[in-house]
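Quick notes on the structure that follows.
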Amino acid sequence: MVSITPNFQSEPRLHEAARIALPHIFEAAWPDPSKLGIDSKSAALLLNEARETFSSHLGIRSDEISFLGEPNLGFHMGLSGLMSADERLVYSNIDRMDVFAIAETHQSKMLKVSPTGQIDFSDLAPSDVVSLQLCNRETGIIQNGRPENIAGLFVDATGSGTRIGLPENWSTALWDSTTWAGPSGMGIFAVSKSANWKNPLPHLDGRINPGPNSLPLIVASALAVDSWVADEKNLAAKIAAINGDIRSYISSNIPDSDLAPGGADHLISASFLYVNAEQLVTKLADKGYSVDSGSACSAANMQPSHVLAALGVLTQGNIRLTIHHATTFEDVKTFLEILSQTVSECRS
Amino acid sequence: MILDCLGKRCPLPIIELAKALTDKPLGFEVTLLSDDPASEPDLFAWARMTGNTAKSLEANTFQITKLAN
């Protein structure tokens, strides 16, 4: 297997099971599965198998599943589809920018999270539609509260993947295939059979997404999720231990560091006072390590991460580490020594 | 003392503030002028991390009191 160890960026390498099978899948899954030809029938079988796989891993009915070639379109479909003229969109100040943009077009209310990133759902109205992020993708914060007695619940599972189950009262939900090391450009959007949802996109028939979808990517993603979930059972404890090692190393060995509150074991966000993040990320890249950053100087729009600012966490000198299944204790030990040296270099 | 960091990008305003306070006595006050969007959140985070205080006076203007060495 190819080493992916220096990669602490959010994107995982495509899962080996999908990578090996992909050329064969492209060979078998070329016909349109909705047509009546013999080849289309076998393509339809592949599609149905994939639907069943996702159904079992995501805890939803297979006929509730739609595929999205642009996963982030699911924020609009999931939220705007639940809104009518009388309803209010409720979201938090650590929610996705995609949700902020949708809120601008509706009656809405932004809730401020606690210092640990938790949302207080106690003051909701029956006409509220709530955006619930199961896991925040920048920090790993897992939302413990569950809104109840509301008009609709959109669940953003693009940070948690298969790790956290849907609340029972979900209306719409969104996953991104990359969370289980599936191909990018593959989202799964679900509308609950009990939801009061209207398609916000122009449409004439009952279909949910405009399509057409890439059947090979759907099949590859189904292979990836099967394998990833099996790997996760064996590797979750290692990832939790690595998370603990990184947090304790940074807080005890790197002065003037600020760890963002977390939750999910595969994510850590840390900021270093008096450090230019662009310089830090570039120096780490020169030494062979890839990390993400939420600092303004590394962002396209020169704005600091609204998530870090909302939490009161330092936004300068920020790095975000994603621990992947292939990450080892040895890689992390070396990386942390280099990180500590590089932070000192940036400060001198 | 007024520290003018207008036009300077993050993390420079916070670095210059820390330098300006190095040899000053406890209780020393600085007015920081900064229009960088990261300055407001970072100033409060800096105050929390270093044991100093900061407050926002008006747009792009902050008052800092040195309370720790």
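Quick rundown of the values:
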item	result
Pair list, Cβ under 9 Å, 6 or more apart: the range A:280-298 residue within 11 Å of chain B (Cβ to nearest Cβ), other residue of a type in the set (Gly, Ala, Ser) and assigned to a helix (DSSP H, G or I)	A:LEU280/A:SER298; A:GLY294/A:ALA277; A:SER295/A:ALA277; A:ALA296/A:ALA277; A:CYS297/A:ALA277; A:SER298/A:ALA277
Within the range B:3-16, considering residues that are more than 17 Å from B:LYS66 (Cα to Cα) and more than 8 Å from every other protein chain (Cβ to nearest Cβ), the one surrounded by the most Cβ atoms within 10 Å (Cβ to Cβ)	B:CYS5
Selection status of A:GLY159, among the small types (Gly, Ala, Ser), closer than 18 Å to A:TRP180 by Cβ, in a loop (DSSP other than H, G, I, E, B) and modelled with pLDDT of 95 or more	yes
Test: residue in the range A:67-86 that is surrounded by 20 or more Cβ atoms within 10 Å (Cβ to Cβ) and farther than 22 Å from A:PRO210 by Cβ	no
Residue within the range A:55-66 that is at negative phi, touching a Leu at 6+ places or on another chain (Cβ under 6 Å), surrounded by 17 or more Cβ atoms within 10 Å (Cβ to Cβ) and of a type outside the set (Lys, Arg) present	no
Count - residues of the range B:50-67 that are polar (S, T, N, Q), touching a helix residue (DSSP H, G or I) at 6+ places or on another chain (Cβ under 6 Å) and within 14 Å of chain A (Cβ to nearest Cβ)	0
Filter result for B:ILE64 (under 9 Å from the mean Cα position of the chain (by Cα), of a type in the set (Val, Ile, Thr) and within 17 Å of A:ALA309 (Cβ to Cβ))	no
Filtered residues of the range A:2-45 (kept if in contact with a strand residue (DSSP E or B) (Cβ under 6 Å, 6 or more places away or on another chain) and part of a loop (DSSP other than H, G, I, E, B))	A:PHE8, A:GLN9, A:SER10
Filtered residues of the range A:111-163 (kept if out of contact with any helix residue (DSSP H, G or I) (no Cβ under 6 Å at 6 or more places or on another chain), β-branched (Val, Ile, Thr) and more than 17 Å from A:ILE94 (Cβ to Cβ))	A:VAL129, A:ILE150
Subset of the range A:78-137 (residues that are among the β-branched types (Val, Ile, Thr), in contact with a Gly (Cβ under 8 Å, 6 or more places away or on another chain) and within 28 Å of A:ILE268 (Cα to Cα))	A:ILE94, A:ILE119, A:VAL130
In the range A:223-275, residue farthest from the other protein chains (Cβ to nearest Cβ) [restricted to those that are without any contact (Cβ under 8 Å) to a residue 12 or more places away in the chain and aliphatic (A, V, I, L, M)]	A:ALA230
Pair list, Cβ under 6 Å, 6 or more apart: the range A:193-213 residue in the same structural domain as A:ARG61 (by TED's automatic domain parsing) and charged (D, E, K, R), other residue in a loop (DSSP other than H, G, I, E, B) and surrounded by 13 or more Cβ atoms within 10 Å (Cβ to Cβ)	A:LYS198/A:GLY81
Selection within the range B:17-37 - of a type in the set (D, E, K, R) and either more than 10 Å from every other protein chain (Cβ to nearest Cβ) or surrounded by fewer than 17 Cβ atoms within 10 Å (Cβ to Cβ) (or both)	B:LYS19, B:ASP23, B:LYS24, B:GLU29, B:ASP35
Criterion (in contact with a Gly (Cβ under 7 Å, 6 or more places away or on another chain), acidic (Asp, Glu) and more than 30 Å from B:GLY51 (Cβ to Cβ)) met by exactly one of A:ASP231, A:ASP226, A:ASP176	A:ASP176
Test set (1) among the β-branched types (Val, Ile, Thr); (2) within 15 Å of A:SER271 (Cα to Cα); (3) touching a helix residue (DSSP H, G or I) at 6+ places or on another chain (Cβ under 9 Å); (4) more than 9 Å from chain B (Cβ to nearest Cβ) - A:VAL307 fails condition number	(3)
Test: residue in the range A:96-105 that is more than 21 Å from the chain's Cα centre (by Cα) and farther than 30 Å from A:ASP258 by Cβ	yes
Flag if A:LYS109 is basic (Lys, Arg), over 23 Å from A:ASP32 (Cα atoms) and not in a loop (DSSP other than H, G, I, E, B)	yes
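The values are calculated or read from the model by the stated rules, or taken from the named source; none is laboratory data. Because the structure is a prediction, the values reported are computed rather than measured. FYI the Cβ positions are ideal-geometry reconstructions off the backbone, even for glycines, and counts take in every protein chain you see.
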